[in-house]
1. For segment 196-211, which residues satisfy the criterion of being at pLDDT 90 or above and surrounded by 14 or more Cβ atoms within 10 Å (Cβ to Cβ)?
2. Identify all residues within segment 431-446 that are buried (at least 23 other Cβ atoms within 10 Å of the Cβ) and under 35 Å from the mean Cα position of the chain (by Cα); write none if there are none.
3. Of all residues in segment 84-94 being of a type outside the set (A, V, I, L, M, F, W, C) and assigned to a helix (DSSP H, G or I), which is nearest to residue 131 (Cα to Cα)?
4. Being touching a residue at least 24 places away in the same chain (Cβ under 8 Å) and not hydrophobic (A, V, I, L, M, F, W, C) is the filter here, so list the residues in segment 172-190 that pass it.
5. Looking only at segment 492-511, which residues are under 18 Å from residue 449 (Cβ atoms) and not in a strand (DSSP E or B)?
6. Please count how many residues of segment 1-58 are surrounded by fewer than 17 Cβ atoms within 10 Å (Cβ to Cβ), of a type in the set (Gly, Ala, Ser) and more than 60 Å from the chain's Cα centre (by Cα).
7. Among the residues of segment 89-110, is there at least one that is modelled with pLDDT of 75 or more and surrounded by fewer than 15 Cβ atoms within 10 Å (Cβ to Cβ)?
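The values are calculated or read from the model by the stated rules, or taken from the named source; none is laboratory data. Since this is a predicted model, take the numbers as computed values, not measurements. All Cβ positions, glycine included, derive from the backbone under ideal geometry; neighbour counts span all protein chains shown.
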Amino acid sequence: MDPVRAVVAVRTLLDLLHREAPASEFERVVADARAEGAGPALLAEIEAAQGTALRLRDILQERRRREAELAALNRTAGDLAALRDPDLVLQAIVNRARSLLDTDTAYISLHDPAAGDTYLRVTAGSISTRFQRLRLALGEGIGGLVAALGTPYVTSDYFADERFRHTHVIDAGVREEGLVAMLAVPLRVGDTVIGVLFASDRRPRVFRPTEVSLLTSFAAHAAVAIDTANLLEETRATLAELAEANTRAREHNAAIERAAAAHDRFTGLVLAGAGVDDVVRAVADVVGGDATLLLGDTADDGADAPGGGRGDPGFAADFAAARAQARASGRGARVRSVHVVPVAAGTERLGLLVLHGAEDRKDFEASDTRILERAAMIIALLLLFRRSVAEAEHRLRGELLHEILSGNVRDRAALADRAARLGADLSRPHVAVVVDVPDADRSRLASAVAHLAATAPGLAGAVDGRTVLLLPGTRASEVARRVVSELGTAVGRTATAGSAGPARGVDEIADAYAQAGRCLDALYALGRRGEGASADELGFMGLLLSGSKDVGGFVRRTIGPLLDYDRDRRAELTRTVAAYFACGRSLTRTREVLHVHINTVTQRLERVAGLLGPNWRDPERELQIRLALHLRTMVPEDRGAPGAEGRHRSTS
């Protein structure tokens with residue numbers, strides 16, 4: 001026997017133990033010795049050393065696993081001790097039990113003293129509703145047996161195990177859940193079993209004694225945590241009852257102080273220049289709950305429940321009943337937790353002040369209702385003042401816009417100064433929009449137009465019988481589409497808008513207004529009702545409508561991609577398209593004119609489709625493209641293709 005080789009083999013095995021290597025590497029030590037020609041005696045010694053090393057490896061792994069389990073158990077006990085809510089405690093127990101034993105499911109059954117049986121209280125990993133609703137009489141099933149005897153129970157195959165009493169109901173639930181192997185341990189507080197903790201798999205499994213011991217230890221900690229949480233819950237309930245009595249006394253005193261403070265607060269807000277929203281928020285602060293102000297049609301048409309009432313099926317009915325009572329009496333009304341107070345000026349109903357979410361207040365008295373009514377009066381005054389200001393401002397904006405577009409402006413500086421005081425800076429680029437909303441309610445349309453102009457900020461009014469807006473912006477098409485969308489939504493009708501711009505100064509704005517009007521007429525002529533667009537988007541029709549006759553811009557918008565492609569690659573797509581149309585779309589004649597192979601013509605036309613879109617040969621697109629090709633001969637190269645610097649070849 002070679003002692004050196006034996007020492008090397010042993011040292012290798014020790015090194016593998018130290019590195020926690022897999023079993024295959026231990027086997028390799030013997031295989032290497034055999035390959036190196038070791039004699040029978042040496043091989044026997046190495047195999048014996050290998051067997052000892054593998055046993056040591058298994059022992060070390062088992063101890064490490066046990067240490068990890070105990071550490072996890074200690075951490076779990078600490079976590080459970082920190083929980084105070086019984087439901088959270090129960091859920092944490094089944095989650096940790098499932099994790100500790102690496103099972104498919106874990107669940108707890110608790111004793112029901114009233115019914116005299118046990119029921120599944122909480123589960124983790126369960127998928128069957130029938131299983132989750134199981135109830136077990138004492139002695140029935142594994143859970144009933146463990147609850148009755150107070151000892152753990154293990155089975156590797158539930159349905160093959162005849163040591164406990166099977167029932168059809170329990171077996172049906174277990175079968176639907178798909179459970180096979182089960183480990184159940186009692187949850188014991190003193191001498192009383194309060195429930196059973198289960199860990200189950202959906203495949204056959206033999207639970208080791210160490211796993212039974214681990215779950216039993218965990219169940220002991222869990223039972224203490226459950227009992228502690230229940231005691232804390234009972235204590236909290238008692239304290240809550242005492243606190244409620246104390247709170248009622250304090251709230252009664254606070255109601256008196258609140259009524260006195262409300263008057264001072266609302267008055268102070270108005271004197272400080274506060275708005276309606278500030279008063280509504282103050283109502284919520286003073287009275288409690290959520291306050292909402294419904295104005296105009298929203299208050300009249302019985303819209304959805306306001307604010308936080310959405311989603312509460314009973315709130316809508318309470319709101320409707322309280323609203324009906326308030327309108328009939330002209331004063332505040334309450335239905336359960338919903339309070340509705342009319343906001344009115346004389347006989348004119350301006351809206352409703354709605355309060356909800358104060359259902360926890362048991363002392364909501366007449367003084368609180370009077371606070372709401374006083375707040376409603378102040379809100380009515382603010383609404384009347386705001387409406388007067390808005391009407392005056394809208395009138396000023398309309399008059400100013402009419403002067404700008406009249407074309408008879410003598411003092412442009414004074415006009416610009418008046419516009420600036422209304423928030424409209426005429427030196428900035430603006431877009432003129434002429435909009436038509438047939439069959440719209442005039443007052444609603446005027447209100448929506450005024451709001452849109454005021455928030456932009458811009459100007460709006462009726463000019464020559466048309467609704468006109470002057471809004472800041474540089475992209476006329478986008479502004480037109482926004483106007484169509486917002487006004488259409490506000491008045492509930494289809495809006496159509498033509499726009500032009502950007503324009504600066506009085507003269508440019510007047511020209512843009514005229515062009516926007518022509519654009520609106522063109523939209524109707526083209527059958528594009530309900531759209532918003534500028535002349536730039538109307539193709540050759542827009543070119544005819546445009547006051548500037550931007551031929552170069554039309555050429556760029558229509559065939560710009562072809563011009564850029566030819567410029568960058570010294571290609572002849574533009575020439576090919578011109579020849580193709582000139583030859584009546586005949587590929588053969590186009591090939592002859594261009595003196596190229598027919599495949600070249602086909603490839604070029606495919607490239608054109610990629611640049612201009614697959615519909616470039618549609619009749620309307622063809623007309624625009626052919627017009628652009630002809631107009632291109634009239635446009636300087638630097639306008640037809642920015643940056644080309646005269647490098648184009650004429651390809652028409």
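1. Those that are at pLDDT 90 or above and surrounded by 14 or more Cβ atoms within 10 Å (Cβ to Cβ): 196, 197, 198, 199, 200, 201, 202, 205, 207.
2. In the first step, residues of segment 431-446 are kept if they are buried (at least 23 other Cβ atoms within 10 Å of the Cβ); the result is 431-435, 437.
Matches in segment 431-446: 431, 433, 435, 437.
3. 91
4. Narrowing segment 172-190 to residues touching a residue at least 24 places away in the same chain (Cβ under 8 Å): 172-174, 176-189.
Hits for segment 172-190 are 173, 176, 177, 178, 186, 188.
5. 492, 493, 494, 495, 509
6. Within segment 1-58, residues that are surrounded by fewer than 17 Cβ atoms within 10 Å (Cβ to Cβ), of a type in the set (Gly, Ala, Ser) and more than 60 Å from the chain's Cα centre (by Cα) number 8.
7. Here is the first cut: in segment 89-110, the residues modelled with pLDDT of 75 or more are 89-110.
Retained after the next criterion (residues that are surrounded by fewer than 15 Cβ atoms within 10 Å (Cβ to Cβ)): 99, 102.
Within segment 89-110, one or more residues are modelled with pLDDT of 75 or more and surrounded by fewer than 15 Cβ atoms within 10 Å (Cβ to Cβ).
Yes/no matrix, rows are residues, columns are (1) of a type outside the set (A, V, I, L, M, F, W, C); (2) surrounded by fewer than 12 Cβ atoms within 10 Å (Cβ to Cβ); (3) in a helix (DSSP H, G or I):
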| residue | (1), (2), (3) |
| --- | --- |
| 581 | no, no, yes |
| 584 | yes, yes, no |
| 591 | yes, no, yes |
| 606 | yes, yes, yes |
| 609 | no, no, yes |
| 616 | no, no, no |
| 621 | yes, no, yes |
| 624 | yes, no, yes |
